[in-house]
Amino acid sequence: MKIFHKYSIIVLSFALGLLMASCNLEPDVAPMPFYDGEANTTIAELLAMHEIGSSDSYIHIPEDAEDIIITGIVTTSDKHGNCYKYINIEDETGAIQIKINSSTLYNKYRLGQRVFVKCNGLDLGDYRKLPQLGLWANDKIEPIPSGKAHYYIFNHGPIQPVEPTITMTSIPNANAIPDSHYNRLVKLEGATFVEGGIATYCDPYAATSHDIKMADGTIIAMRTSNYADFYNELLPTGTGTIIGILTRYNNNVQIVIRDLDDVQDFMTVIPSQTIFSVTDYNSAFENGWTRVTSGSDWSTLVNSIFAGFVINANTQTDSWLISPKINLSSYTDVSLSFSHRAPNVGNNMLKCYYTTNYTGDVASTNWNEVPISEFEITFLNVNFGIPEAALVSPNFRIAFRYQGKGSMWAINNIEIKGTAGSIYIK
């Protein structure tokens, strides 16, 4: 009975504990990590301990030597598969890549997290002249085992905003770039992907480089891992801003983006499309084309070598050929083009116009002239960019006017083209 009573008290106490815990509605909050030491070395001072030569090399930082501790803000994230198995940290003096054997580093070393790094026991080296911190093996810097990273790297304090502190509009020779710039988060302004709209970010089976051309013509390569979840996305066209980690491969300057949010303000232009054209001249007058005639009249001609509108004035003529209404209000970069042939005629006799307010009466309509500079016996092409002010109207029309006599005017290949819009990639 005593034993039963003893265990009854234990069970009752446990139940009361559960009840009290269930009444506590305050959520559990993980304590803010704080490292109780302090840095005694800047990243620039650490980098100066190793001289980069013509081939990969390293120095070992002894465990029993005086502590070498650096601190910096994490500027990378492997959440989307790029920046694979490493983090970059930077302070006011420079930046370093730290290799860690894990593909989910963003969970522990979050973007904007301050970390302290005890370098003793690690190796400081370079891969193709890019500084790295890790463990030397197989003639290169290898990642720190994920289970041992906590012996060297310590999170500290709250997450901070991360913005690039270096803006580049030109890419000088790799050796002309200050050493303190490499491994830093930088911003490229006025950048254009050479293979924009053609290639994807990365081959699915191997890391891939794509050239980026700056406004002054200098080139930097963007290096992307085939582990990136955006590898199959198409490179954008146009010019914009790219944010990423500045790296090098020997004398080649490179940038590594963290995700597609680092590719900003690019404008992918939708190809120009046909808004209006005459596909069947035989039925043009049944499909909205109208004539206002005094003297000779407009007609259509379709044969094996020509399809279009024709007027042949044997008498004094003032005849208009007016298109159906055309809605241009959803388009930009609109242009009108047509071909024409007019032998032995003065250019004051033949005119092309456009309007946005056709009243049904050519005399009361406000017409704008489309310039035509040549009238020849052979077919000539006319191309005219329609002003933006005219694009807001759903009642846009074009017209051809013949004034005079004694000649023929033939017109075909009438086409209005424009862009339905543009996609901005932020």
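The values are calculated or read from the model by the stated rules, or taken from the named source; none is laboratory data. Nothing here was measured: the structure is a model prediction, and the numbers come from that model. A quick note on method: Cβ atoms are made from the backbone with ideal geometry, for glycine too, and the neighbour counts reach across all protein chains shown.
All told, Thr378 falls short of being touching a strand residue (DSSP E or B) at 6+ places or on another chain (Cβ under 7 Å), modelled with pLDDT of 90 or more and not in a strand (DSSP E or B).
Name the single residue, out of those in region 252-272 being modelled with pLDDT of 95 or more and of a type in the set (S, T, N, Q), that is nearest to Gly190 (Cα to Cα). Only one residue fits best here, namely Gln264. Within region 120-131, not a single residue is under 31 Å from the mean Cα position of the chain (by Cα), at pLDDT 95 or above and either in the same structural domain as Arg184 (by TED's automatic domain parsing) or among the polar types (S, T, N, Q) (or both). Take Thr419 and tell me if it is touching a residue at least 24 places away in the same chain (Cβ under 8 Å), farther than 16 Å from Leu321 by Cα and more than 43 Å from the chain's Cα centre (by Cα). Criteria not met by Thr419.
Residues that are of a type in the set (A, V, I, L, M, F, W, C) and closer than 23 Å to Thr224 by Cα occur in region 105-114; there is at least one. Name, by its number, the condition in (1) assigned to a loop (DSSP other than H, G, I, E, B); (2) free of Cβ contacts under 8 Å to residues at least 60 places away in the same chain; (3) closer than 23 Å to Ile73 by Cβ; (4) charged (D, E, K, R) that does not hold for Asp216. Asp216 satisfies all of (1) assigned to a loop (DSSP other than H, G, I, E, B); (2) free of Cβ contacts under 8 Å to residues at least 60 places away in the same chain; (3) closer than 23 Å to Ile73 by Cβ; (4) charged (D, E, K, R) except (3).
If you go through region 134-174, how many residues are assigned to a helix (DSSP H, G or I), of a type in the set (Gly, Ala, Ser) and either within 15 Å of Leu105 (Cα to Cα) or not assigned by TED's automatic domain parsing to the domain that holds Gly240 (or both)?
Taking region 134-174 as the starting set, the residues that turn out to be assigned to a helix (DSSP H, G or I) are 146-151, 174.
Okay, now just the ones that are also of a type in the set (Gly, Ala, Ser), so 146-147, 149, 174.
Among the residues that remain, those that are also either within 15 Å of Leu105 (Cα to Cα) or not assigned by TED's automatic domain parsing to the domain that holds Gly240 (or both) are: 146-147, 149.
Of the residues in that region, 3 qualify.
All of Gly404, Gly385 fail the test of being among the small types (Gly, Ala, Ser) and at positive phi, apart from Gly404.
Of all the residues in region 310-350, those that are under 44 Å from the mean Cα position of the chain (by Cα), in a strand (DSSP E or B) and at negative phi number 10. Return a yes/no flag: does region 194-207 have any residue that is closer than 21 Å to Asp265 by Cα, in contact (Cβ under 8 Å) with a residue 40 or more places away in the chain, in contact with a strand residue (DSSP E or B) (Cβ under 8 Å, 6 or more places away or on another chain) and not in a loop (DSSP other than H, G, I, E, B). No.
Residues in region 361-372 that are assigned to a loop (DSSP other than H, G, I, E, B), touching a residue at least 12 places away in the same chain (Cβ under 8 Å) and over 11 Å from Leu350 (Cα atoms): Val362, Trp367.
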